[in-house]
1. For residues that are in contact (Cβ under 8 Å) with a residue 12 or more places away in the chain and farther than 15 Å from Gln34 by Cβ, scanning just the range 88-114, find the one that is surrounded by the most Cβ atoms within 10 Å (Cβ to Cβ).
2. Go through the range 52-87 and give me each residue that's without any contact (Cβ under 8 Å) to a residue 24 or more places away in the chain, outside any loop (DSSP other than H, G, I, E, B) and of a type in the set (A, V, I, L, M).
3. Run down Gln122, Gln131 and say which single residue is at pLDDT below 95, outside any loop (DSSP other than H, G, I, E, B) and either touching a Pro at 6+ places or on another chain (Cβ under 8 Å) or surrounded by fewer than 10 Cβ atoms within 10 Å (Cβ to Cβ) (or both).
4. Out of (1) surrounded by fewer than 16 Cβ atoms within 10 Å (Cβ to Cβ); (2) without any contact (Cβ under 8 Å) to a residue 24 or more places away in the chain; (3) under 16 Å from the mean Cα position of the chain (by Cα); (4) part of a helix (DSSP H, G or I), the odd one out for Thr48 is which?
Amino acid sequence: MIPWLKPFSSLLFPGLIALLAIPTQLPASSTSDQEKAGAVLFRDKGCTYCHGVGGVGTKKAPALTDLHKDKVWTPEKITSQILNGGQKMPPFRDSVTDDEVIQLIAYLRAKNKPDPPPATPQDSAPASLPQ
């Protein structure tokens, strides 16, 4: 060890560890929150109707469970698919905000997809009833 660094070594190592730990902790909780919000959106926007609960796939649409492993499906490509649709999938450009797309992508790319909380009766009711 460098002689002049010795008095500071007891502060240097813990400080360096703390500095390195901070950036990895903050995005993790933010990512987790986005994944949870995306799970709710996936259910509430009707994605489960075609892709199944948790994105397991149905006869109507493919499974989305392994998107976190698929290098072809980048966040940009997923965004385009959500907004513009494709093949049998309708576009959702008018149905989702930019933040909601980010949350859906966080959910779809999550290795361990969170389950959304149970829908409340008001969640399942239409936003506005015809008059």
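1. If we take residues in the range 88-114 being in contact (Cβ under 8 Å) with a residue 12 or more places away in the chain and farther than 15 Å from Gln34 by Cβ, then Phe92 is surrounded by the most Cβ atoms within 10 Å (Cβ to Cβ).
2. Once the filter is applied, which keeps residues that are without any contact (Cβ under 8 Å) to a residue 24 or more places away in the chain, outside any loop (DSSP other than H, G, I, E, B) and of a type in the set (A, V, I, L, M), the range 52-87 yields Val53, Ile82, Leu83.
3. Gln122
4. (1)
Residues are listed down the side, and each one gets a yes or a no for (1) at pLDDT below 95; (2) more than 15 Å from Leu108 (Cβ to Cβ):
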residue: Ile17; (1), (2): yes, yes
residue: Thr24; (1), (2): yes, yes
residue: Ser30; (1), (2): yes, yes
residue: Leu41; (1), (2): no, no
residue: Gly54; (1), (2): yes, no
residue: Thr58; (1), (2): no, yes
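The values are calculated or read from the model by the stated rules, or taken from the named source; none is laboratory data. Because the structure is predicted, anything quoted here is derived from the model rather than measured. Every residue, glycine among them, receives a Cβ derived from its backbone with ideal geometry; neighbour counts consider all protein chains shown.
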